[in-house]
Amino acid sequence: MQSPVAGSWFATRIMYALLTPVILVLLDGPSTVGRSAPHALGLWPALAAYLRAWRFWDSAFFAAIAQRGYWQVALTAHFPLFPLAIHILSLPFGETATATTAMGYLLGNVGTLFGLWGVAHLIRCANGMEEVTAATVRWSLALLITWPFAFFLAAGYADGWVLAVIAWAMVWSLQGRLWRVGLLLELGALLHPLCSVALLPVMWIVIRQHAWVWQGLAMQWRTQRQIHRESFAIAGRTVLVILAFPVAYGVGIGLYALYCARTFGDPLAFAHQEHMSFGHTFAWPWQSLVLASQQVLAPHATSYLRVRPLLDFIPVLMVVLATCFAWRRLDAPARILVAVFLALVLCDPITRQQTPDAFTSAGRYVLAVLPLWIWAGRWVAEHPRIQPYVTYWCFMMTALQAILLAFVLRGGWLV
C-alpha cells in the first residue's frame, strides 16, 4: 500500500484519537442526544467513553441493527450490508452493544483505508508523468481527508466503503477485470444508494473499451452493405457484458427487496420509509434550491436554523462550481459520475414541515465525487506556486473539521 495512503489514514486516526478526549473533557462529556448508547459499554473507562462518543446518529442505527436486526420497518432505510458485516464480526464477542459499537467503528475505518487506497490506484490508472501522478495522489488525498466532513470516514458509517466501492469499480473497469466490477456493484447495491453513481461510468468505460466492435460493424456495413454472423455474435456478447452491470446492481436491490417483502410485506419498504419516516421527496433541482434559500432567508428563523442548512448547501455549491471549472478536463466517465451525483443530491430533499432540509448529508456525500478530488489534486500538483496557499487551506479545513466534530460529539444534528 502506498505510503501517502497509509500516512494519511494513520495521521487522521491519531488526530481523532487525540481530539476526542480533549473535546469530551473541555465540553463536560458527550451529550446523549442522537446516540441511544448504553450507559456503560463494559470496556475500560477511557475506551468506553471514546466509543460512546463516536456512537452518533447513523452509526448508532447500524450498531443497533447489527445487534437486534430490523425490528421496525423504518430502519429499512439503512441498507443491510454494513450492519450485517458488523453482526458477523461481533459474533465472537457475544453481539453485545459493546461489540457492535466497537466493530462498527473498526469496520468504518478499515473501509476508509481501502477507499483511500482505491483513490490512489484510480489516479495511477490515468496517463501522465510519474512525478505529477505521485504529487496528484498526495494532494488529492490531502484535500479529501481535510474536508470538514471527513470525520464521518472515521465513524461507524458505511461512507468509507462507499468510497472504496466507487474507486475500485472504476479501477477494475479500466483494468478489464469485469467480473470483479459486477460483484462490487452487487455488494454496493446492498451497501448504500450512493454506490449507484459508479454504475453508468463503469458501463461507459466498457463501451469505450469495446469500441472496435462497433467500429467493425460500421465498417462492414459501409463496405459490404451487410454484417457477418460472427460480428453479430461478438456484438451480442459485448452487449451482454455491458448489461451485466445493471443486472448485478439490480440483483443486489432485488435481494434486499425479497427480505423486505418477507419481513414487512412490502418489497420496497426501504424506498417508502425514506419518504414516510425521514421525509425524503422527489423534487426538481430548482425546487431544492428554492427550499434551501427559504431556510436561510426565513424571517422568523433562529440563527441556528439559518446557519445549519449552509453546512449542506455550501458543499453542493462548491461541487457545482468545481464542475464548471473542471468540465473540460474531465473525461466522459468522470462527467457522468458527477452528473449522477448532482442529480441524486439536488432531487432528494427532506420536505417535512418540522425539519426540512434541501440537501441532507450533502457535506459528507461530497467525499464520493472522486473525479473532482482528483482534478483538484492534479491542478495543485501542476501549479507549484499555489501549493503553499493550498496547504494553508488544508490547515483551515482541518480546524473547521475539529469544530464540526465537537458539534457532533456534543449531540449536534449533522448526519
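With kT/(6 pi eta Rh) evaluated at 4 °C and eta = 1.567 mPa s, and Rh the Kirkwood radius from Cα pairs, segment 3-409 diffuses with a coefficient of 57 µm²/s according to Stokes-Einstein. Grab the other residues whose beta carbon is less than 13 angstrom from that of G108, score K and R as +1, D and E as -1, and report the net. Residues close to G108 contribute a combined charge of +1. Distance between the modelled labels on V251 and L344, one decimal in nanometres: 2.1 nm (7 Å Cα→Cβ projection).
Label-to-label distance for V290 and M276 is 2.9 nm, based on points extended 7 Å past Cα in the beta-carbon direction. Spin-label model, L187/R262: points 7 Å from Cα along the beta carbon direction are separated by 2.2 nm. Ordering of 187-200, 371-384, 324-337 by packing is 187-200, 371-384, 324-337, highest average first (other Cβ atoms within 10 Å, averaged per residue). Sorting 173-179, 341-347, 363-369 by average packing, meaning the other beta carbons within 10 Å per residue, from highest down gives 363-369, 341-347, 173-179. Available extension along the chain between L321 and F93 is 77.3 nm, counting 0.36 nm per residue and deducting the alpha carbon span.
Bear in mind that the values in this text are calculations on the coordinates, not laboratory data. Fair warning: this is a prediction, and the values are worked out from it, not measured in the lab. Neighbour counts run over all protein chains shown; Cβ positions are idealised from the backbone, glycine included.
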